[in-house]
Each structure stands twice: as C-alpha cells, then as structure tokens.
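Data block below; observations after.
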Amino acid sequence: MTVGEAQVRRGNPPEVLDGPFSTRQLLRIDEALRLADQGTGLVFSIFVGGLDEPIREHAERLHRQLAEPDRSVLIAVSPNQRRLEVVTGRHARKRIPDTYARLAALSMVAAFGLGDLAGGIINGLDQLASHAGRG
C-alpha cells in the first residue's frame, strides 16, 4: 500500500493511516462494510487508489484476487483519475444487477463531487446492500 491508497476489507484493517481518510472515516467505512456483509451474505470490499489503464480491467483483476470473488462486490475508486468501478461476482450480480450498481455509482459520484469521499462510499455500500437484500 502506498501513500494515498487505502484498501479496506472486512477483517483486514489498513496497515497505514496516511491515505485519504481520517481514523473516524475508516471506522465508519469498516462499520458500513460489516453491516453490508452481515445483512446480505455477500462480501463487500473497497479499493481507493490509483488504477492502471484500462481502468475496468484493473478493477476486475483486483476483484478476482478477493477470497470469494463469486460472492464479492468491489468498489474501486481512483479520486485522482476521477474514476469509479463497481465489480460484482457471478453470484453477487444476480442480486445486484448492473442497473442497480450504476444507480449506486451515480449516488457515490455525486457525493465525491461535493468532496465527501467517505460519505459517498458509505452511501454506495448502503444502496448496494439494500438492493441485494438478505441472503
């Protein structure tokens, strides 16, 4: 992990706190991840940092590296590149179709535009989990 990058996964707190989030924001994101995971039975992950071109392919590579990619949802955000990708695994996509993922992404982008990176991620997680329902 480098300066300006943060990867938050349930059970794996970040190794450094020099990224774009305060400790309080990291705790709020971690809680949102926990609630999304528990409420849906899916596995949600966040990546914040630089993404290589092509952006979508890099996000998909990150998603494939997760422990349970078929049941996983990855939100990959690159603030400096102004890019956001939501990648859903095979099982997760049945519960969160692309249309709903796009709606959540639009909501996140709106918050990001107002300078609220953490709030946008938290809101996006909540929307994705709500669409997925109980699993």
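Using the 1.4 Å probe convention, the accessible area of the chain works out to 54 Å² per residue with neighbouring protein chains retained. How many percent of the accessible area of the chain is carbon or sulfur, using a 1.4 Å probe? That share works out to 49 percent. Of all DSSP bridge pairs formed entirely within the chain, close to 65 percent run antiparallel.
In deg cm²/dmol and to the nearest 500, what is the mean residue ellipticity at 222 nm of the chain if only DSSP H runs of at least 4 residues count, each as -39500 (n - 2.57), divided by the residue total? Rounded to the nearest 500, the figure is -15500 deg cm²/dmol. Local charge for Arg134 was computed over the other residues whose Cβ lies under 13 Å away, with Lys and Arg +1 and Asp and Glu -1, and equals 0. Against the set [x] 205; [y] 93; [z] 122, the structure's computed volume of the Cα convex hull per residue in Å³ falls on [y].
For a quick check: with amide H placed at 1.01 Å from N, whose amide H comes under 5 Å from Val43's, ignoring anything fewer than 5 positions away on the same chain? The list, which skips near neighbours in sequence, is Ser72, Val73.
Pairs of Cα atoms nearer than 8 Å and 6+ residues apart set the relative contact order; for the chain it is 23 percent. Here the contact order of region 59-135, divided by its residue count and restricted to Cα pairs under 8 Å and six or more residues apart, works out to 23 percent.
The values are calculated or read from the model by the stated rules, or taken from the named source; none is laboratory data. These numbers were taken from a predicted model, which means no experiment stands behind them. Don't worry about glycine lacking a Cβ; one is built from the backbone with ideal geometry, like all the others, and counts go over all protein chains shown. Each accessible area value is taken on the protein alone, full model and side chains, heavy atoms only, with ligands, DNA and RNA left out. Shrake-Rupley method; radii C 1.70, N 1.55, O 1.52, S 1.80 Å.
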